[in-house]
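The values are calculated or read from the model by the stated rules, or taken from the named source; none is laboratory data. This is a predicted model, so every value here is computed, not measured. Using ideal geometry, Cβ is built from the backbone for each residue, glycine included, and neighbour counts are taken over all protein chains shown. Side chains are part of the model used for accessible areas, which takes the heavy atoms of the whole protein and leaves out ligands, DNA and RNA. Shrake-Rupley method; radii C 1.70, N 1.55, O 1.52, S 1.80 Å.
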Amino acid sequence: MLVNLNEILKNAQKNNYAVGLFNTTDSDMLQAVIEAAEETNSPVIIGTAEVLLPYGELDLIAPSMIAAAKRAKVPVAVHYDHGLTFDRCMQALKLGFSSVMFDGSAGDYDTNIADTRQIVKIAHSFGATVEGEIGHVGQTENCDNDATDMYTTPEEAMSFLDATGVDALAIAIGTAHGVYKSKPKLDIERLKAIRAKTDTPLVLHGGSGLSDDDFRNAISGGIAKINIFTDLCVAGKEAVKASNADYLDMRNEKVEAIKNAVIRKMTLFGSVGKA
């Protein structure tokens, strides 16, 4: 069934587990994630991001994602991740996405506040939820584990939430997007301090490549949503490389590998059986 973030994350936060957002840029990934969710009776979030649109344009993939969510046996939110422009966020809402993230974290703070607040007002009129970001989660090729000036503070989180009214908040505590070249160092104490100041579900970006203990510590510290994409790409690529099958059978092997990677994350996050 198609739901928004509130219908998934509030329960996750209350019961100390996390729900995965798995970006699904094509029908192979979409099939894998939905099957994983149904087999494990897990709520799930599927989506795509603005930087991924060259690999799957919104007008092409949105109808499949939304149809899959509606017919699924478990709660599925369809989320537009890291929306960088107002127009693209509006396009996602008009296409039927049940949630959007506006990411103005790399720009001016006051502009981020104003733009996020405007999108919250519009998205709520659609019955959709909004995720915002304060602090900045960068890319692994530019990752500096000591760049704590980019991390979110509890005061910033409180101020941002009060000013925007977002339904979920992505925070920076030491993760990055992409494949890690060195072991990330998560600031769990900072996470706990932010969690203590707010009831809004908190989101961890840059989840692919973290250790199992990193995930467990982040969830116990208050994270309710974790974004995964790179790990799915790696699983699919490795399955294709190892296959000697023809194209169609190879495609199914790739779907199975991605599904297994998703199930492992759902098990680790504690969302299995929570639908």
(request) Leaving out ligands and nucleic acids, note down the accessible area per residue over the stretch 7-74 with a 1.4 angstrom probe, in whole Å². (result) 41
(request) Please label the shape of the stretch 5-146 as rounded, prolate or oblate, based on the square roots a ≥ b ≥ c of the eigenvalues of the alpha-carbon gyration tensor (a/c under 1.5 means rounded; beyond that, a/b larger than b/c means prolate, else oblate). (result) rounded
(message) Can you give me the % of accessible surface on the chain that is carbon or sulfur? Probe 1.4 Å, all protein chains present, nothing else counted.
(response) 50
(request) Please give the calculated 222 nm ellipticity per residue for the chain, where each DSSP H segment of at least 4 residues contributes -39500 (n - 2.57) and the sum is spread over every residue; nearest 500 deg cm²/dmol? (result) -15000 deg cm²/dmol
(request) Please name which of Thr200, Asn41, Tyr109 has its Cα lying farthest along the dipole of the chain towards the positive end, using unit charges on Cβ (Lys, Arg +1; Asp, Glu -1) and the Cα centre as origin. (result) Asn41
(request) Could you name the lysines whose alpha carbon sits less than 25 Å from that of Lys197, not counting residues in the same chain fewer than 8 places away? (result) Lys10, Lys14, Lys121, Lys185, Lys225
(message) How much of the DSSP bridge set in the chain is antiparallel, in percent, rounded to the nearest 5?
(response) 0
(request) Please arrange His124, His205 by accessible surface area, largest first, computed with a 1.4 Å probe and ligands excluded. (result) His124, His205
(request) Using only Cα atoms, locate the centre of the stretch 48-111 and the centre of the stretch 183-240, then give the distance between them in Å, rounded to an integer. (result) 20
(message) How much length would be gained if the chain were fully extended between Asp213 and Glu57, taking 0.36 nm per residue of separation minus their Cα-Cα distance, in nm to one decimal?
(response) 52.6 nm
(message) Accessible area per residue for the stretch 159-257 in Å², computed with a 1.4 Å probe and the full protein assembly in place, what is it?
(response) 44
(message) Rounded, prolate or oblate, given the Cα gyration tensor of the stretch 153-267, with a/c below 1.5 counting as rounded?
(response) prolate
